[in-house]
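Derivation of every value follows stated rules applied to the coordinates shown; laboratory data play no part. Only a predicted model underlies this, so the values are computations on that prediction, with no experimental measurement involved. Positions of Cβ are backbone-derived with ideal geometry, glycine not excepted, and every protein chain shown enters the neighbour counts.
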Number of protein chains: 2
Amino acid sequence: MAGSRVDRPYIPGMSAYAGDERAHGRPVSPRRAGVLRPLAIDQVALAPGGFWGALQRRNAETTIPHAERWIERVGTVENFLPPAERSVPQRRGVLFTDSDAYKVLEAMAWEGGRARDPGLERRTARLTAIVERAVEDDGYVNTYWGAYEARDRYSDLQMGHELYCHGHLIQAAVAAARTGGPQSLVRAGVAAADHVCREFGPGGPREAICGHPEIELALVELYRVRGDERCLQTAAAMIERRGRGLLGEGPFGRAYYQDDLPVREAAVMRGHAVRALYLLAGAADVAAESGDTELLAAVERQWHATIARRTYITGGMGSRHEDESFGEDFELPPDRAYAETCAGVAAVMLAWRLLLATGDSRYADHIERTLHNVVLACPSRAGSAFFYTNPLQRRAPGTPPPPDSESRHAATGMRAPWFSVPCCPPNVARLLATLGGYAATVDDDGVQLHLYAAGRVSTDAATLALRTRYPWDGTVDVEIEATQAPPWTLSLRVPSWAGGATVTVGGRSRPAAPGVVRVRRAWRRGDVVRLELPVRPRWSVPAARIDAVRGCVAAERGPLVYCAESLATRDDAALDALVVDPVEAADERPVDGLEDAVGIAVRAREHRAGVACGWPYGGGDRGSAPPGAERRLTLVPYYLWANRGPSTMRVWLPAGRGR
Amino acid sequence: MAGSRVDRPYIPGMSAYAGDERAHGRPVSPRRAGVLRPLAIDQVALAPGGFWGALQRRNAETTIPHAERWIERVGTVENFLPPAERSVPQRRGVLFTDSDAYKVLEAMAWEGGRARDPGLERRTARLTAIVERAVEDDGYVNTYWGAYEARDRYSDLQMGHELYCHGHLIQAAVAAARTGGPQSLVRAGVAAADHVCREFGPGGPREAICGHPEIELALVELYRVRGDERCLQTAAAMIERRGRGLLGEGPFGRAYYQDDLPVREAAVMRGHAVRALYLLAGAADVAAESGDTELLAAVERQWHATIARRTYITGGMGSRHEDESFGEDFELPPDRAYAETCAGVAAVMLAWRLLLATGDSRYADHIERTLHNVVLACPSRAGSAFFYTNPLQRRAPGTPPPPDSESRHAATGMRAPWFSVPCCPPNVARLLATLGGYAATVDDDGVQLHLYAAGRVSTDAATLALRTRYPWDGTVDVEIEATQAPPWTLSLRVPSWAGGATVTVGGRSRPAAPGVVRVRRAWRRGDVVRLELPVRPRWSVPAARIDAVRGCVAAERGPLVYCAESLATRDDAALDALVVDPVEAADERPVDGLEDAVGIAVRAREHRAGVACGWPYGGGDRGSAPPGAERRLTLVPYYLWANRGPSTMRVWLPAGRGR
């Protein structure tokens, strides 16, 4: 129950917040309620042995400390010290490394709010103390621009990332404010926000925007903490300023940073994917707080168009390496998919805001898809190496990245311990630390379950225990452990792929069509609701307009996308010469080296054509070779690929009769 | 006949060259003869009204003067003046703009050698005089590095492009030397080469290479002019140094500039496409002059592997925008094809060297394919706007580039007048000015025709008149206008696609299989050989391993690749919703707005699926929609697309029964 943490020490002197405990522990906490209301991360306790609980524990025990070590090692932390106090006087890393430290701090703060850990609290306080050193008198803080390096503030709004970095500091401050984290971190975030509002707010001296959106959603969330209207107004102004050419043309054109069209007018997401998603998340926040239904509709419209035409089956977004951007409609190459991990995190952020605002379960469907097939694909099984890009095909076996230095972002086909632009690992870390907060919501009528993870949901109305092996198994049992007398509604999301699902209450089963199934009654302690989702292998076919995977099929099972993976150490590397027949039923099978996962057994045939040795374009008789040898493949969950050594991989498998 | 120009004033003081008139007018002129020997550009006169002759005239009358104006306008020329004498003191443009001026100069020199033009000679002399101003005392010249800007020479061999620029200067000097061009240009090139050999030659102070190959082939060609062994040795040393990590890792990894593997060991071209092709062209030159069969074999091996796995049906090379590189084997996306025009020019340069060395007609086949479908696609029909990249699919109608400023290289789907990196237009200009030199060769046994262009070929042995409307028509008549008494062999290339070709001599026809057909006899004046190539529409199917165009077909006719083009001004923009049935015969038809071209009429059907409006991946019933409406399309030669206004385009058309 929310009340269980009312005794948590809130932020002294922040009366506006202290009076609004509804925001406690919530990553996103609208003041003006939408259709659904969020729960705090400590209201949804994921069972440590469950699918998500185990990943959250790995995040706490391995990934967050790993990130802390790397930001020390590569100078990200030391950059916050005055040059004279650093071990090397030069500032290190790309110009926006501050944001890496802030995201790590944010993850640490949320993790500390989820599960008390005195060691973590000390580390959080220490890192905060270092960051604080760089805060200038007026709240401005940046280790690349400003006082330390004597570079003019805001002299490169296009690519300088100053407001982006301030935004991440503010998000860390919000996390601290809502979890009883370091008050000095909250103060730094508030000071930065006040500075930004003075400089960039309505009527301020700078009628400008940042090349990388992020400050908008951060200001709205701090507004939600403090109730300072100026933050909301500044965010709203920045949303409205965008798309009017204020940033100039830039190396990649205006669409790169969404400055080509006003947010209200754009039809689809475009340009740099993370920028586009952060921007719309901020726009959704502004719309929610201002009750601006037109703006909300514009965001929803762009989301739906992007889902229909610019999204990979994994949920991945961003088709191009060149500028990390969405491509055009239906430009979805599997091999060169960029599908940045951060875009996956940002897609969850955006969809969550739209889910709260509308209650539409399609947003939760997309959160689930993206969590399982993009966000989860990023960390290695050990939690200490990461994918930055998430392609759907890899033709050559991966090459191990350097263990002791930063990797380039472009995938080598294996996960790397850190990157020269290490935005993704901390982004995943802060999301996983708050994951419980995305699993369930409440409204005046009851409780809604969006993600199925073993654990316990505690609301004012009830305590629910969830027991499930999902996603490996489709049975989800929800037991009412405590409840109040009046009838209320338990809503269960039925994913779009789950045709044939059933819900069973009190021994009686009924069909549960994709969307939401609602069970309303006067609950009693010990009542159990069972949701049965048809988690079994299925073949998916791409729309005809997606040129890059024409003639192929992909296997899915529950929320998981599967892939064929061929380990370079074995004699089965020729994935690209295989054809599957999707008419054949696919069976389940264990996977060597991934024993906790369920594999999918399929039969395939080799192309006779094999590797072309001359000019590869010819007459129409190329399809007439006799069927090739039969091969048996075990498809593995996409998110687990590249955990067993160098390998080739493909999600989309040519379909046909094996000729 | 070659003798017709013996009276041309050669280069005083260059005795080694003056004694070797065989090199006159030849872009590539091996001292150590390979299987075939080149002719001079004035030995192959293209008929001004013929297909290639008209393009060559357009090049002379429009493209070269256009390039001259733009390099003036954007500061490329003024950069060669001392800062104090410039209209703006700052140097303008990217760091390697000098090479643009050199390539324009080279084009001007070759054009002057092809067809005397006093106006052109004056302009060439004037531009040469300006360039000369920047030459430093020791022969070094660069407007970004060195004295003008006080930047340390060779302080960034990885990306500094200094040897690259010197290479282009030397190539311009070679053109001047072989066409009676400005002697001061020859001197500047010789001085630069001497400088480079002193600094980088064997035993010199700098055992290094340039991040962008080019100097190697330039030094060999100047060796061919002067006979100075030091140039050859320096080029050979640079070839051997490559692939040993001398350049360091760089932003894109060592493969980007082919420093990952020694030339002799590499299996396939990789990394930046133009760099890879220039490097192998230089390696082929070194191999030719040193009789190094192992090196030649290494170059041939890489060429064949690249043709089989990393080349578009257009002949285009380079699959990635991100680093302008070859992708992996079979990574050949049509929409994101980079297929830089310069890579097409470089592919012609490389294949020509291999053709001379080996006589293998497959190299000539590739030259023809690349000329018609990459090089020719670059200039607009007017010759004053250019494509930098040459994708095989364009989903959204193009947007007109700015008419008065430089465009980015990434295609907007329409040709641009100039680019911020304007390497392509002058590269095409220098190639078109020398095109005759690529049409025919001689050996001890006779004359070989490689390209079929209306015009006249004059060799020591004979004068041949070619009459043909090729590529629109497949009939090529070769009339012997003058000859010598002893029998000799006329060899005619039969392209690989030309199954069913015939050759007719003296009224008797015989089959001419793809490869080379040879006709040996004691020729008499007035003899006519007729080659009949089956120039008619054909469908081509991609190898099964090329994922990006699975299930598609492309139309070709003779050496031309065709595409479907949909003008944005008409109501037929939905190219991506069409399916063709390649079993149906395709007819020929005129094209609106492209009256000189032959179009191909095909029937297509619309997908019922149309534009997806929800999640675009679903169950296996997506293919079961009834056939859609029939549509008639007129395919146009690919090289002519985007000449009639904004349009969408695709070379690869989904094949099927229209469902």
Next on the checklist: Tell me which DSSP H helices of chain B clear both cut-offs, 15 Å or more of axial length from alpha-carbon atoms and a mean Kyte-Doolittle hydropathy of at least -1.0.
Outcome noted: B:98-114, B:118-133, B:162-179, B:183-200, B:215-226, B:229-241, B:273-290, B:293-309, B:341-358
Next on the checklist: Using the Cα centre of the protein assembly as shown as the reference point, and only Cβ charges (+1 on K/R, -1 on D/E), how large is the resulting charge dipole? Debye, rounded to the nearest 20.
Outcome noted: 2840
Checklist outcome for this item: Taking only the Cα positions of the stretch A:63-194, the convex hull volume per residue in Å³ is 98
Item to check | Fraction of the pair-distance distribution of the protein assembly as shown above 62 Å, Cα-Cα pairs, percent | outcome: 17
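Explain nothing, just the number: dipole magnitude of the stretch B:355-480 about its Cα centre with +1 on each Lys and Arg Cβ and -1 on each Asp and Glu Cβ, in debye rounded to the nearest 20.
So the dipole magnitude of the stretch B:355-480 works out to roughly 840 debye.
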Item to check | the stretch A:230-273: C-alpha gyration tensor shape, a/c 1.5 cut-off, then a/b vs b/c | outcome: prolate
Checklist outcome for this item: If unit charges are put on Cβ atoms (+1 for Lys and Arg, -1 for Asp and Glu) and the dipole of the stretch A:411-472 is taken about its Cα centre, the option from A:T434, A:Q448, A:Y470 lying farthest towards the positive end turns out to be A:Y470
Next on the checklist: Which GluC sites (Glu not before Pro) in the stretch B:236-283 sit in a loop by DSSP (not H, G, I, E or B) and have at most 14 other Cβ atoms within 10 Å of their own Cβ?
Outcome noted: B:E249, B:E265
Item to check | Mean-position separation - Cα centroids, the stretch B:630-659 and the stretch B:507-586, in angstrom | outcome: 15
Checklist entry - In 10 Å bins starting at 0, how do the alpha-carbon pair distances of the stretch A:278-344 split up by percent? => result 22, 44, 27, 8, 0
Checklist entry - Per 5 Å bin from zero, what fraction in whole % of the C-alpha pairs of the stretch B:162-265 is there, up to the bin with the longest pair? => result 2, 14, 24, 23, 17, 11, 6, 3, 1
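Divide by every residue of chain B the summed helix terms, -39500 (n - 2.57) for each DSSP H run of at least 4, and state the resulting mean residue ellipticity at 222 nm, rounded to the nearest 500 deg cm²/dmol. Walk me through the numbers before you get to the answer.
Numbers: 14 runs with 189 residues, N = 659.
The per-residue figure over chain B is -9000 deg cm²/dmol.
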Checklist entry - What does the convex hull of the Cα atoms of the stretch B:187-232 come to per residue, in Å³, rounded to a whole number? => result 64
Item to check | For the protein assembly as shown, share of DSSP beta bridges that run antiparallel, in % to the nearest 5 | outcome: 95
Checklist outcome for this item: Restricted to chain B, the DSSP antiparallel beta bridge percent, nearest 5, is 90
Next on the checklist: Between A:A33 and B:R31, what is the label-point separation in nm under the 7 Å Cα-to-beta-carbon projection?
Outcome noted: 9.0
Next on the checklist: Taking the beta-carbon count within 10 Å as an exposure proxy, list A:T311, B:T489 from fewest neighbours to most.
Outcome noted: B:T489, A:T311
Next on the checklist: Test of understanding: express the Cα radius of gyration of the stretch B:107-149 as a ratio to 2.2 N^0.38 Å, with N the residue count.
Outcome noted: 1.46
Next on the checklist: Against the 2.2 N^0.38 Å scaling, with N counting residues, where does chain A land? I'd like the Cα-based Rg ratio to two decimal places.
Outcome noted: 0.95
Item to check | Gyration tensor over alpha-carbon atoms, the stretch A:442-585, equivalent ellipsoid semi-axes in Å | outcome: 39, 16, 13
Next on the checklist: Restricting to Cα pairs below 8 Å that are 6+ residues apart, what does the relative contact order work out to for chain A? Please round to a whole percent.
Outcome noted: 13
Next on the checklist: Treating only the Cβ of Lys, Arg, Asp and Glu as charged (+1, +1, -1, -1), what charge dipole size does chain A show about its Cα centre? Round to the nearest 20 debye.
Outcome noted: 1580
Next on the checklist: I'd like the distance between the alpha-carbon centres of the stretch B:441-483 and the stretch A:185-208, rounded to an integer number of Å.
Outcome noted: 76
Item to check | Efficiency of FRET between A:R525 and A:R69 - r from beta-carbon atoms, R0 51 angstrom, step 0.05 | outcome: 0.65
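Among DSSP beta bridges lying fully in the stretch A:457-520, give the percent that are antiparallel, nearest 5.
About 100 percent, rounded to the nearest 5.
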Item to check | Shielding score for B:547-555, defined as the mean number of other chain Cβ atoms within 10 Å | outcome: 6
Item to check | Residue exposure sequence - A:L350, B:L55 - by fewest surrounding Cβ within 10 Å | outcome: B:L55, A:L350
